[in-house]
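S.K.: Have a look at this one before I ask anything.
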Amino acid sequence: MSHTVPIGWRSSPAVRIGLSLSVATGLYGISFGALSVAAGLSFWQTVALSALMFTGGSQFAFIGVVSGGGTGASALGAATLLGVRNAVYGMSMNALVRPRGGLRLLAAHVTIDESNAAASSQTHPVEERRGFWTAGVGVFLLWNLFTVVGALLGNALGDPARWGLDGAAVAAFLGLLWPRLSAREPVAVAVVCALVTALTIPVLPPGLPILVAAVVAALLGRSRRRGAGAAAPGRTEAGA
């Protein structure tokens, strides 16, 4: 870890990364706002969902289940399964950022993919904190701002079926997810889950296929971690 004193906020690499992530991710809020009202949620329900749930993948999963005719319980279950990763991020970010007092609640709320990435990409503790807060708060503000814009546009468009918005939630979710799939393994998991979803749609009630796919993804991830743990001693002995 570098111990060089970092430069000011204006020239900080972590701040630049955080702002870039904020703009790129925040703009997806337009899609969410429009698709949410198209799925049947009211303007205020849409705004509340972004402000309180605040995890893009979970939000798109929620409205995807709702627009597909699933129950509220199924939608909440799908959103919860996709949001569990933020709890994992929370443990590492708590040690990295070390928020105190009321900032602990704010830090927990803005612990998302982007704030985790902005912080983890830095080598100095000060820059790690700058990246976390810039990305976390920046995405929160822009995501909610553009959610409002999207919800207003969605109301202006009228019948969602007329514009094909009732089937666009999955496409928007994939657009948000795809840039994160930089390695072969996550792409393979995504393909498997897509196949599971396609195969279960004809036989399961609306909302359940995405839950089944989420469980499959969790099982694949768990087996991968077990395999890596079992292989670690062998690699250490070989290296010695």
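S.K.: How far is it, in nm, from the label point at residue 141 to the one at residue 24 when both lie 7 Å from their Cα along the line to the Cβ?
M.R.: About 2.0 nm, to one decimal.
S.K.: Can you tell me the length gained on complete extension of the stretch residue 45 to residue 88, counting 0.36 nm per residue apart and subtracting the Cα distance?
M.R.: Stretched out fully, the residue 45 to residue 88 stretch lengthens by 12.7 nm.
S.K.: Starting from the 7 Å offset along Cα-to-Cβ, what nm value, one decimal, do you get for the label separation of residue 100 and residue 148?
M.R.: 3.4 nm
S.K.: Per 0.36 nm of contour for each residue apart, how much would the distance between residue 71 and residue 9 grow if the chain were fully extended, relative to their Cα-Cα spacing?
M.R.: Contour length minus the Cα-Cα distance gives 17.7 nm.
S.K.: Over segment 18-116, with the other protein chains present, what is the accessible area per residue in square angstrom, probe 1.4 angstrom?
M.R.: That works out to 45 Å² for each residue.
The values are calculated or read from the model by the stated rules, or taken from the named source; none is laboratory data. Worth saying up front: this structure is predicted, and the values here are computed from it rather than measured. Backbone-built Cβ (ideal geometry, glycine too); neighbour counts: all protein chains shown. Just so you know, the surface numbers come from the protein's heavy atoms only, side chains and all, with ligands and any DNA or RNA stripped out. Shrake-Rupley method; radii C 1.70, N 1.55, O 1.52, S 1.80 Å.
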